[in-house]
Amino acid sequence: MVNGCEYCTRAHSASSKRAGVTAEQIAALPFYKRSPLFDEKEKATILYADRVTRAATTIRAAELEDLRKFYDEGQIVELTLAVCMANFTNRFNDALENIPDLGV
């Protein structure tokens, strides 16, 4: 959603629902910081993913400390890799004007 990726908005919204994310949570993502629909772990995770996506150099020690309340170092590395891979595929597909097959 941060990248404005149509595929992510449509396809990953569906997979998120299968993982237990509600339609209300998806709709509240732009306002997650003040939404009661997300717990502190989810808010820390979303903030980190947003910062990695928008400007990784803006990540501060306090944000990493927030993540360490919920994740160990290996999990933070895995989370970072997942965010970076999503951003890579967004940029790759957008640059080549690839139209994803959404199975419809």
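Could you grab me the full set of residues in the stretch 1-41 that are modelled with pLDDT of 65 or more, β-branched (Val, Ile, Thr) and part of a helix (DSSP H, G or I)?
The one that is modelled with pLDDT of 65 or more, β-branched (Val, Ile, Thr) and part of a helix (DSSP H, G or I): Ile26.
Could you please let me know if Lys69 is basic (Lys, Arg), open to solvent by 70 Å² or more (accessible area, probe 1.4 Å), closer than 18 Å to Ser16 by Cα and out of contact with any Ser or Thr (no Cβ under 9 Å at 6 or more places or on another chain)?
The answer is no for Lys69.
Those residues that are of a type in the set (D, E, K, R) and more than 13 Å from the chain's Cα centre (by Cα), I need them from the stretch 42-67; list them, please.
Across the stretch 42-67, the qualifying residues are Arg60, Glu63, Glu65, Asp66.
Being open to solvent by less than 70 Å² (accessible area, probe 1.4 Å) and touching a Lys or Arg at 6+ places or on another chain (Cβ under 9 Å): is that true of Ala44 here?
The answer is yes for Ala44.
The values are calculated or read from the model by the stated rules, or taken from the named source; none is laboratory data. Everything numeric here is computed off the predicted structure, so don't read it as measured data. Heads up, the Cβs are rebuilt from the backbone with ideal geometry, glycines too, and the neighbour counts pull from every protein chain shown. Note: areas computed on protein heavy atoms with side chains; ligands, DNA, RNA excluded. Shrake-Rupley method; radii C 1.70, N 1.55, O 1.52, S 1.80 Å.
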